[in-house]
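This report refers to the structure that appears directly beneath it.
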Amino acid sequence: MKALLVASILSLVGSCATSKYSTKIETLNNNVKISDSTTVVTYANTITSEELSNHLFKYASKEFNGRKTGELGQKKAAEFLKNYYISQEIISPIKDSVYYQTIPKSYFYDETINASENVLAYIKGNEKPEEVVIISAHYDHLGVKDSLIYYGADDDGSGTVALMEIAQAFKLAKDKGYGPKRSVLFLHLTAEEIGLEGSRFYTENPIFPLQETMANLNIDMIGRIDKIHEEKNQEKYIYLIGADRLSKELHILSEKTNKAFINLELDYKYNDLNDKNHYYSRSDHYNFAQYNIPVIFYFNGEHEDYHEPTDTPDKINYKVLELRARLVFATAWQLANRKNRLILNESL
């Protein structure tokens with residue numbers, strides 16, 4: 001009888017705890033509001049498949065020779081990005097005009113890798129400029145092997161040009177009086193392909209203090225359709241990884257933003273803690289997550305041209321790339337303009 005009584009008490013305590021947690025999640029859900037709908041649509045629509053295509057056919061071309069970290073092609077790609085931000089009058093957070101965060105040769109585990117650069121530009125927040133939302137994409141790739149150029153149009157040319165267009169959309173909005181409350185950092189990362197070393201360097205040498213970094217939205221391969229969705233004849237999807245791991249509020253905001261503006265299928269297949277592919281730890285967002293910064297990894301899944309010289313810009317689905325880039329923009333907008341910082345799961 002005593003054992004039965006103890007078991008009953010423990011069951012009751014567990015039930016109460018579950019009930020309280022469910023109530024907290026429901027409160028979170030009710031408190032997440034989508035704002036600025038007309039403005040978001042206006043500037044999201046400036047992200048177009050035509051501009052994405054124009055950028056990517058230039059970016060994933062012979063000129064940049066596969067963009068291998070530390071090599072001439074990567075240096076040319078960095079210069080291309082810097083000149084783009086100058087042309088758009090989007091400044092750098094490093095003394096306004098220094099767009100490169102230099103990573104010395106000595107930093108890399110591989111002693112054959114030369115010094116490299118992260119490329120940074122930003123929009124300064126109007127109300128809370130010290131707080132920042134980071135949108136990232138790596139711009140390096142695999143270079144040349146056996147005389148074959150690895151163009152990396154999807155990996156991660158697609159994320160790179162999406163980030164360029166997202167930055168332009170924020171700048172157009174700011175120029176019309178709709179600047180974000182928080183700062184937004186557009187972070188082009190080098191050395192992802194050799195072990196996430198560009199993002200590791202940034203998090204160890206942050207331009208904005210990590211404690212003031214609200215979230216990281218990381219874009220790595222968003223221009224193609226994987227076999228799973230090809231077989232379902234479904235193009236309008238995106239895999240999201242990590243959104244609920246540190247902040248369920250970020251997950252809720254992400255879903256509500258998508259429903260309000262884009263309505264892609266949000267596929268969480270690879271967000272499973274037991275995912276055998278381990279995608280959560282395989283792109284640059286992971287280094288931010290290591291510092292308890294909420295993250296979302298946007299990903300289209302692998303395809304037959306992944307890490308092959310056949311990953312070329314003619315194979316990109318630009319209309320789908322447009323939708324996915326608009327989703328990231330809309331999500332970043334909500335984060336940058338919401339009243340409060342995200343609630344972390346550890347605080348629930």
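No value in this document is a laboratory result; all are computed from the given coordinates. Since we're looking at a predicted model, the values are computed, not measured. Cβ placement follows ideal geometry from the backbone for every residue including glycine, while neighbour counts extend to all protein chains displayed.
Things worth noting here:
- Rounded to the nearest 5, the antiparallel percentage of DSSP beta bridges internal to the chain is 40%.
- Assigned charges on the beta-carbon of Lys, Arg, Asp, Glu; the stretch 221-348 dipole about Cα centre (debye): 720
- Helical runs assigned H by DSSP (4 residues or longer) give the chain a calculated mean residue ellipticity at 222 nm of -12500 deg cm²/dmol, each run adding -39500 (n - 2.57) before division by the residue total.
- For the options Lys256, Lys145, Lys232, a Gaussian network treatment of the chain with springs between C-alpha atoms closer than 10 Å singles out Lys232 as fluctuating the most.
- If you model the stretch 235-280 as an ellipsoid using its alpha carbon gyration tensor, with each semi-axis the square root of five times an eigenvalue, the axes come out at 20, 14, 5 Å, biggest first.
- Taking the centroid of alpha carbons for each part, the stretch 188-264 and the stretch 304-348 are 5 Å apart.
- Under the Karplus curve 6.51 cos²θ - 1.76 cosθ + 1.60, θ = phi - 60°, whole-Hz ³J(HN,Hα) for the stretch 141-146, x wherever Gly or Pro sits: 8, 9, x, 10, 9, 6
- Cα lying deepest toward the dipole's positive end in the chain, options Gly152, Pro206, Ile316, charges on Cβ: Pro206
- Computed label-point distance, nm, for sites Thr38 and Glu231 using a 7 Å Cα→Cβ extension: 4.7
- By the rule of a C-alpha distance below 19 Å, with chain neighbours fewer than 8 residues away ignored, the aspartates and glutamates paired with Lys232 are Glu265, Asp267, Glu302, Glu304.
- Set Lys82/Lys105; Lys181/Lys236; Lys76/Lys256; Lys259/Lys339; Lys62/Lys269 screened for pairs whose C-alpha atoms are more than 27 Å apart: Lys181/Lys236; Lys76/Lys256; Lys62/Lys269
- D_trans [Stokes-Einstein, Kirkwood Rh over alpha-carbon pairs] for the stretch 45-129, 37 °C, 0.692 mPa s, µm² s⁻¹: 225
- Dipole magnitude of the chain, debye to nearest 20 (Cβ charges: Lys/Arg +1, Asp/Glu -1, about Cα centre): 1380
- Residue among Ser61, Ser199, Ser87 with the largest mean-square fluctuation in a Gaussian network model of the chain, springs linking Cα atoms under 10 Å: Ser87
- Magnitude of the charge dipole for the stretch 182-285, about its Cα centre and with charges confined to Cβ atoms of Lys, Arg (+1) and Asp, Glu (-1), is about 260 debye.
- Three-way shape label, the stretch 35-347, alpha-carbon gyration tensor, a/c 1.5: rounded
- Packing rank of 190-196, 138-144, where each peptide gets the mean count of other beta carbons within 10 Å, highest leading: 138-144, 190-196
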